[in-house]
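This report refers to the structure that appears directly beneath it.
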Amino acid sequence: MADQAYVTLATNDEYAKGAMVLGTSLRNHNTTKQLVALIGPHVAEPCRAVLNCIYDEVCVVDIWDSGDTAQLALMKRPDLGVTFTKLHCWTLTHYTKCVFMDADTLVLSNIDELFEREELSAAPDPGWPDCFNSGVFVFKPSNETHRSLVTHCTEKGSFDGGDQGVLNSFFNTWSTADISKHLPFIYNLSSISIYTYLPAFQKYGHEAKVVHFLGKLKPWNYSYDTQTGKVKGHTLTPGSGDLHPDFLVQWWNVYSSEVLPALRDAYGETLFC
Ligand code: UDP
Ligand code: MN
């Protein structure tokens, strides 16, 4: 469908690697939707070239920072101010419906059925389940909604300093109004929940359709041994913030076999990884 798209965001080369893996994982599971990457002006040319091979559209957007260092410091994530840039996705009005996905998500099976849902559909946040997690959400592009969101941000700010706070206070009936807007958790399985509720993960984990590497440590912060197929320096320590080894290996399999060769070509074989 040409008027429906998955949208992601990468403001720098690190998150661009995530976007490459995400886009490849959507293609590997035969999506019929368009793929759009919003990128910051500082994403390097070779990364743009690889993104252009995977995504139908790569759009350069201005970086918008919340500047709310106090709130972000509370969450120990001074880097998240730039997530305000996500709100640009509402301006993609040549699509009638979209699914936004964070660049640190990985698709494990076809999820095109998400397009049957309405704005704003999202899964609960594992930290505060009356809020939705803004790593995966269904939305309807609209300049009017975009304007209202920007006004909302400017006047009220964000309670967590990032996009999730703004979106939850803007779409503030999500938790109570319409259960069809609650996506099942398997569409946004946060890697940290695996350790906070291990029995549930053991029962339902195999049904996961999207894994979200939420938190400070991202898959690209680890390294991978191509000989053994193992992620290096990874220990499974509950509560340590480590990502689940199986999902991490799946991310690295896609990265090393499908993304890295393209990056090497784009950088003229000089890339050292
Ligand atoms: N993001 C980005 N550059 C940054 C930080 C975030 O492009 O420096 C984008 C990226 O799409 C990322 C999303 O904003 O997945 C949300 O940030 P992150 O995933 O780090 O937040 P978390 O899911 O850990 O709360
Ligand atoms: Mn994320």
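The values are calculated or read from the model by the stated rules, or taken from the named source; none is laboratory data. This is a predicted model, so every value here is computed, not measured. Counting neighbours? That spans all protein chains shown, and the Cβs are built from the backbone with ideal geometry, glycine included.
Data for the structure
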| read-out | value |
| --- | --- |
| Any chance Phe100 is within 16 Å of ligand 2 (Cβ to nearest atom) and crowded, with 19+ Cβ neighbours inside 10 Å | yes |
| Which numbered condition Arg48 fails, given (1) within 22 Å of Val210 (Cβ to Cβ); (2) of a type in the set (D, E, K, R); (3) at pLDDT 95 or above | (1) |
| Qualifying residue in the stretch 132-155 (condition: within 16 Å of ligand 2 (Cβ to nearest atom) and in a helix (DSSP H, G or I)) | no |
| Only one of Gly157, Gly127, Gly162 that is surrounded by 19 or more Cβ atoms within 10 Å (Cβ to Cβ) and within 27 Å of Lys218 (Cβ to Cβ) | Gly162 |
| Asp112 at pLDDT 95 or above, surrounded by 21 or more Cβ atoms within 10 Å (Cβ to Cβ) and acidic (Asp, Glu) | no |
| Residue within the stretch 123-141 that is more than 19 Å from Asp102 (Cα to Cα) and modelled with pLDDT of 95 or more present | yes |
| First in the stretch 206-230 and farther than 29 Å from Asn133 by Cα, second anywhere and more than 16 Å from ligand 2 (Cβ to nearest atom) and of a type in the set (D, E, K, R), Cβ under 6 Å, 6 or more apart | Asp225/Lys232 |
| Lys76 vs. criteria among the charged types (D, E, K, R) and either free of Cβ contacts under 8 Å to residues at least 24 places away in the same chain or exposed (fewer than 14 other Cβ atoms within 10 Å of the Cβ) (or both) | yes |
| Subset of the stretch 165-186 that is polar (S, T, N, Q) and farther than 20 Å from Thr69 by Cα - its residue that is surrounded by the most Cβ atoms within 10 Å (Cβ to Cβ) | Ser175 |
| Identity of the residue in the stretch 14-42, among the hydroxyl-bearing types (Ser, Thr, Tyr) and part of a loop (DSSP other than H, G, I, E, B), that ends up surrounded by the fewest Cβ atoms within 10 Å (Cβ to Cβ) | Thr32 |
| Unique residue being hydroxyl-bearing (Ser, Thr, Tyr), more than 17 Å from Tyr6 (Cβ to Cβ), buried (at least 16 other Cβ atoms within 10 Å of the Cβ) and in contact (Cβ under 8 Å) with a residue 12 or more places away in the chain when the list is Ser148, Ser190, Ser134 | Ser190 |
| Of residues in the stretch 83-122 being within 15 Å of Asn188 (Cα to Cα) and in contact with a Pro (Cβ under 9 Å, 6 or more places away or on another chain), the one nearest to ligand 1 (Cβ to nearest atom) | Asp104 |
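Listed here are the residues, each with its yes/no results for (1) hydroxyl-bearing (Ser, Thr, Tyr); (2) closer than 27 Å to Leu243 by Cβ; (3) within 16 Å of ligand 2 (Cβ to nearest atom); (4) out of contact with any helix residue (DSSP H, G or I) (no Cβ under 6 Å at 6 or more places or on another chain).
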| residue | (1), (2), (3), (4) |
| --- | --- |
| Thr24 | yes, yes, no, no |
| Arg27 | no, yes, no, yes |
| Pro46 | no, yes, no, no |
| Arg77 | no, yes, yes, yes |
| Thr85 | yes, yes, yes, yes |
| Asn110 | no, yes, no, yes |
| Phe115 | no, no, no, yes |
| Glu118 | no, no, no, yes |
